[in-house]
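The values are calculated or read from the model by the stated rules, or taken from the named source; none is laboratory data. The structure presented is a predicted model; accordingly, all values stated were derived computationally and were not measured. Counting neighbours? That spans all protein chains shown, and the Cβs are built from the backbone with ideal geometry, glycine included.
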Amino acid sequence: MRALRIIALVLVALLAWLQYRLWFGNGGAREVGALEQQVKRQARDNAGLKQRNDTLAAEVVDLKSGEAAVEERARSELGMIKPGETFYRVVDSEPAATEETKPAEEQ
């Protein structure tokens with residue numbers, strides 16, 4: 001009988017020690033939760049940095065092949081054309097009606 005009590009006491013003590021290590025020891029539940037939060041935070045940071053890197057890589061490509069970007073800007077903003085091209089300007093035949101040009105009945 002006494003041996004059973006000693007064995008039971010040893011088993012309870014062993015169970016208590018294992019539970020303590022599970023919850024509070026190295027690699028326990030608290031540490032795992034903290035590491036999971038750290039991984040999530042790092043993944044968010046990495047996603048932001050990847051987006052920034054992709055933007056910078058696109059800028060580098062544009063700068064390396066900058067002739068096309070410069071040409072597009074010169075055409076749209078400055079109205080420049082290449083030698084041998086013909087420039088056509090499309091103009092509306094009727095000017096848009098303004099307050100001054102509307103008939104008196106509509107005012």
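Considering only residues that are in contact with a Phe, Trp or Tyr (Cβ under 8 Å, 6 or more places away or on another chain) and either in a helix (DSSP H, G or I) or surrounded by 10 or more Cβ atoms within 10 Å (Cβ to Cβ) (or both), which ones fall in the range 37-91?
Ile81
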Self-check item: Residues of the range 2-49 satisfying the condition of being more than 39 Å from the chain's Cα centre (by Cα), at pLDDT below 85 and not basic (Lys, Arg)
Solution: Gln19, Tyr20
